[in-house]
1. Near the amide H of ILE74, under 5 Å away, which other amide H atoms are found, from residues 5 or more places off or on another chain, if H is placed in the peptide plane?
2. With r as the distance between the Cβ atoms of ASP107 and TYR41 and R0 = 41 Å, compute the FRET efficiency 1/(1 + (r/R0)^6) and round to 0.05.
3. Using Cα springs under 10 Å in a Gaussian network model of the chain, which residue among LEU69, LEU49, LEU98 shows the largest mean-square fluctuation?
4. Taking all protein chains in place and a 1.4 Å probe, what share, in percent, of the accessible surface of the chain do carbon and sulfur account for?
5. Simple spin-label model, 7 Å along Cα-to-Cβ: ASN12 to CYS127 in nm?
6. Where only protein heavy atoms count, and the probe is 1.4 Å, what is the accessible area per residue for the chain in Å²?
7. Relative to a virtual label point 7 Å from the Cα of CYS72 in the Cα→beta-carbon direction, which members of the range 122-140 show backbone nitrogen distances below 19 Å?
8. Run lengths n ≥ 4 of DSSP H only: what is the helix-derived mean residue ellipticity at 222 nm for the chain, with -39500 (n - 2.57) per run over all residues, to the nearest 500?
Amino acid sequence: MKILITRHGQTNWNVLGKIQGQTDIELNENGKKQAKEISEYIRNENIELIITSPLKRAKETAEIVNKTLNVCIIEDERLMERCFGEYEGLTKEDRLKLKERNPEINDIWNYNKNISFNTMEIMHDFCKRVYEFLEEIIKKYSDKIIPL
């Protein structure tokens, strides 16, 4: 099995430095161009299947890439970005202010601390769904080349 991890193309929120999480943002024109570039880069990889998050930016990236590959696309919610709850949409400046008021937010990525911060998905839950997804595709598609 060979897994090619591919990030979605750029969105306007990427440009603005906003936390996207599971907020369903579409690709911007540059993101569409990036997706076309990805498709050219992986065109000779003998890819047989694409698995994508159901979020618009990921699906659109997969669909643009698939214009070159013409393979089956499967959506899986376990590939969605981590949910940042009420913090989605915050800019870098907003995050700095938040960190000043709540220094413990610096540990949101620390697996061992596994902190619960308001409506944000905790690290153990996030990792669990991703690991379950990976275990399943290793069993199901061990003979395939898959871009995620």
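1. Answer set, sorted by chain and number: ILE50, ILE51, THR52.
2. Details: r = 36 Å, r/R0 = 0.87.
Computed FRET efficiency for TYR41 and ASP107: 0.70.
3. It is LEU98.
4. Working: 4340 of 8880 Å².
Carbon-and-sulfur percentage of accessible area, whole number: 49.
5. Simple spin-label model gives 3.6 nm for this pair.
6. Details: 8880 Å² over 148 residues.
Accessible area per residue, the chain: 60 Å².
7. 133-140
8. Working: 5 runs with 61 residues, N = 148.
Calculated mean residue ellipticity at 222 nm is -13000 deg cm²/dmol.
The values are calculated or read from the model by the stated rules, or taken from the named source; none is laboratory data. Model, not experiment: these values are computed from the prediction. Note that we place each Cβ from the backbone using ideal geometry, even for glycine, and neighbour counts take in every protein chain shown. Protein only, heavy atoms only, side chains kept; ligands, DNA and RNA dropped before computing areas. Shrake-Rupley method; radii C 1.70, N 1.55, O 1.52, S 1.80 Å.
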